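Reading through the structure tokens given below for one structure.
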Amino acid sequence: STPSIGDWVRHPKFGLCKIERRTGNDSVSIKLPSARRKSIKLSFLEVGEPRMEGERYVFPLTPKKKG
């Protein structure tokens, strides 16, 4: 499954982030714990099955393996 607007992701570098909007075909804008916003491309990441963390589902993200 793919995360959508309002879902949470756990990014390997940025930590727990909320998806705020889609910025392209495979790009999303996320809000970092510091309240900064960043655009990331999901095509460079493996999106895992969502896990329940407290009251919300969180999609784990890991870098795609090269090759």
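The values are calculated or read from the model by the stated rules, or taken from the named source; none is laboratory data. These numbers come from a predicted model, not from an experiment. Cβ placement follows ideal geometry from the backbone for every residue including glycine, while neighbour counts extend to all protein chains displayed. These accessible areas exclude ligands, DNA and RNA; they are computed on the full protein's heavy atoms, side chains included. Shrake-Rupley method; radii C 1.70, N 1.55, O 1.52, S 1.80 Å.
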**Item:** For a label point 7 Å along the Cα-to-beta-carbon line of Met52, residues of the range 1-25 with backbone N under 19 Å
**Value:** 1, 7-10
**Prompt:** Out of these labelled values of Kirkwood radius over Cα pairs in Å, [x] 12.7; [y] 11.9; [z] 13.2, which was calculated from the coordinates shown here?
**Reply:** [y]
**Prompt:** How much area per residue is accessible in the chain when the probe is 1.4 Å and only protein heavy atoms are counted (Å²)?
**Reply:** 70
**Asked** So how strong a dipole does the range 28-67 carry about its Cα centre when Lys and Arg Cβ are +1 and Asp and Glu Cβ are -1, to the nearest 20 debye?
**Response** 340
**Complete:** Taking protein heavy atoms only, a 1.4 Å probe, and rounding to whole percent, the accessible area of the chain owed to carbon and sulfur comes out at 50
**Request:** Calculate, for Leu16 and Lys65, the FRET efficiency according to 1/(1 + (r/R0)^6) with r their C-beta to C-beta distance and R0 25 Å; round to the nearest 0.05.
**Result:** 0.60
**Message:** I need to check one value: relative contact order of the chain, counting alpha carbon pairs closer than 8 Å and at least 6 residues apart, in percent.
**Reply:** 29
